[in-house]
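These notes are about the structure you will find just below.
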Amino acid sequence: MKIRVERDGLADAVAWVARSLPSRPPVPVLGGVLLDAGSDGATDALTVSGFDYEVSATVGVPATIADGGRLLVSGRLLADITKSLPAQPVEIAVDGARASINCGNARFSLPTMPVEDYPQLPAQPTLAGEVTGDAFGQAVTQVAVAAGKDDTLPMLTGMRLEISGSSLTLVATDRFRLAMREFAWEPAEGLADAAVLVPARTLAESAKTLGSSGGKVSVGLASGEGLLGLSGSGRYTTTRLLDAEFPPYRQLLPAQYSSRAVIEVSPLVEAIKRVSLVAERGTQVRLEFGEGSLRLSAGGDDEGSAEEELRVDYEGEPVTIAFNPGYLVDGLGALHADRAELTFTTPNRPALIKPADEQGEVIPGYLYLLMPVRLPG
């Protein structure tokens, strides 16, 4: 194998693929990045791939191929090397069990791993539909904030993806909050409605890259094989679906409310951050809503206290409710709107947070449900 490739394209491709590799692979080859030059008959492209039986990532890079072949080397090491190379063409060659990487005056020699031990990369699942990259990336980011991080509860570390005709719904919950985003997409012809559970962390990382590259993202689904595929801008990734039952979340959503507030997001977030400085380990911030005003407070005599008042458009009986400040800030930040609508039933029942326009009307498509913290006494 002997190839020549531009440094920026190679570094971007290797960094994207290496990001999905396990930090502690069960066997060394699963921590490797596979460079494939011309084995599929292509004479002008280098394919960079990674696969650990859970997540696969593949991207093509223009290259000048003198001698085709396949090369498997440590993914993390190759990513560190390629991003540090000078801005000059990179030459990669294989001689026996060593690979040489030359760029300008920099020279590297790496041990190779046996290509024959590397697993077969999964094929992209059947196309389920397409969505604009920026819309998909934003939707996944908005929902991922509520996903659980406790691997002992796998059903809560996933993001539920529901397909219903031309509507796509994403949902995640960690039991303390729930985020849901509905948006339109272009389903493939003859696609049946479906619901699958995708690892939230993997989906968020893939959507961030594919969504920022512009164009459309293609979503593939092979439920029988337990596989979801995403592709866009010459990048392809697959991930194993979670074999777990997602909680019946729709019954948690309040059908009505007794109090409603509309408030500017930025001043509220800043006030929460200030007031919560005295909240012991971020335990709770109290919100007291009344006619035209919101009073935030935290702390007590032992650890210090803080309070701040804000103007608010408010309807309903006065209510005092408390939240984990970090969860509340997460939800407000995920709205992607200047104003927020907060609705309540009682201080012990979940509150709903939705984006609102300048007139205080709800912008449909996204909601963030937050469980309150029980007030003392």
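The values are calculated or read from the model by the stated rules, or taken from the named source; none is laboratory data. Remember, it's a predicted structure, so these values are computed and weren't measured experimentally. Here the Cβ is made from the backbone with ideal geometry for all residues, glycine too, and neighbour counts use every protein chain on show.
Is it the case that THR132 is closer than 24 Å to SER212 by Cβ and either touching a residue at least 40 places away in the same chain (Cβ under 8 Å) or charged (D, E, K, R) (or both)?
For THR132, the condition - closer than 24 Å to SER212 by Cβ and either touching a residue at least 40 places away in the same chain (Cβ under 8 Å) or charged (D, E, K, R) (or both) - is met.
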### Positions within the range 80-124 being of a type outside the set (A, V, I, L, M) and assigned to a strand (DSSP E or B), in sequence order
GLU91, ASP95, ARG98, SER100, ASN102, CYS103, ARG107, PHE108, SER109, PRO111
### Query
Of the residues VAL196, VAL262, which single one is under 30 Å from PRO372 (Cα atoms) and not assigned by TED's automatic domain parsing to the domain that holds ALA351?
VAL196
### Message
Taking the condition of being touching a helix residue (DSSP H, G or I) at 6+ places or on another chain (Cβ under 7 Å), in a strand (DSSP E or B) and among the small types (Gly, Ala, Ser), how many residues in the range 325-362 meet it?
### Response
1
### Task
Report the residue count in the range 95-114 for those that are surrounded by 20 or more Cβ atoms within 10 Å (Cβ to Cβ) and either modelled with pLDDT under 95 or of a type in the set (S, T, N, Q) (or both).
0
### Query
How many residues are surrounded by 16 or more Cβ atoms within 10 Å (Cβ to Cβ) and more than 18 Å from THR64 (Cα to Cα) when one looks only at the range 85-94?
1
### Query
Which of (1) loosely packed, with under 13 Cβ neighbours inside 10 Å; (2) in contact (Cβ under 8 Å) with a residue 12 or more places away in the chain is the odd one out, the single condition PRO355 does not satisfy?
(1)
### Query
Do you know which of the residues in the range 365-377 that are touching a residue at least 24 places away in the same chain (Cβ under 8 Å) and assigned to a loop (DSSP other than H, G, I, E, B) is surrounded by the most Cβ atoms within 10 Å (Cβ to Cβ)?
PRO372
### Query
List, please: which pairs have Cβ atoms under 6 Å, are six or more places apart or on different chains, and start with a residue in the range 107-123 that is over 13 Å from VAL29 (Cα atoms) and end with one that is β-branched (Val, Ile, Thr)?
PHE108/ILE81; PHE108/ILE101; LEU110/VAL73; PRO122/THR238
### Task
Being of a type in the set (Gly, Ala, Ser) and at pLDDT below 95 is the filter here, so list the residues in the range 64-86 that pass it.
ALA66, GLY68, GLY69
#### Entry: Residue ID - surrounded by the most Cβ atoms within 10 Å (Cβ to Cβ), chosen from residues in the range 24-35 that are touching a residue at least 40 places away in the same chain (Cβ under 8 Å) and under 24 Å from the mean Cα position of the chain (by Cα)
GLY32
#### Entry: In the range 244-261, the residues that are in contact (Cβ under 8 Å) with a residue 60 or more places away in the chain and either farther than 17 Å from THR345 by Cβ or not aliphatic (A, V, I, L, M) (or both)
ALA244, GLU245, PHE246, PRO247, TYR249, PRO254, GLN256, TYR257, SER258, SER259, ARG260
### Message
From the list GLU205, GLU189, GLU182, exactly one residue is among the acidic types (Asp, Glu) and modelled with pLDDT of 95 or more. Which is it?
### Response
GLU182
### Task
Take the residues in the range 251-298 that are basic (Lys, Arg) and assigned to a helix (DSSP H, G or I), then tell me which one is surrounded by the fewest Cβ atoms within 10 Å (Cβ to Cβ).
ARG281
### Query
Looking at this structure, is ALA322 among the small types (Gly, Ala, Ser), in the same structural domain as THR343 (by TED's automatic domain parsing) and more than 17 Å from THR343 (Cα to Cα)?
no
#### Entry: The listed residue being under 30 Å from PRO347 (Cα atoms), modelled with pLDDT of 95 or more, not assigned by TED's automatic domain parsing to the domain that holds ALA356 and not β-branched (Val, Ile, Thr), out of LEU227, LEU170, LEU156, LEU161
LEU170
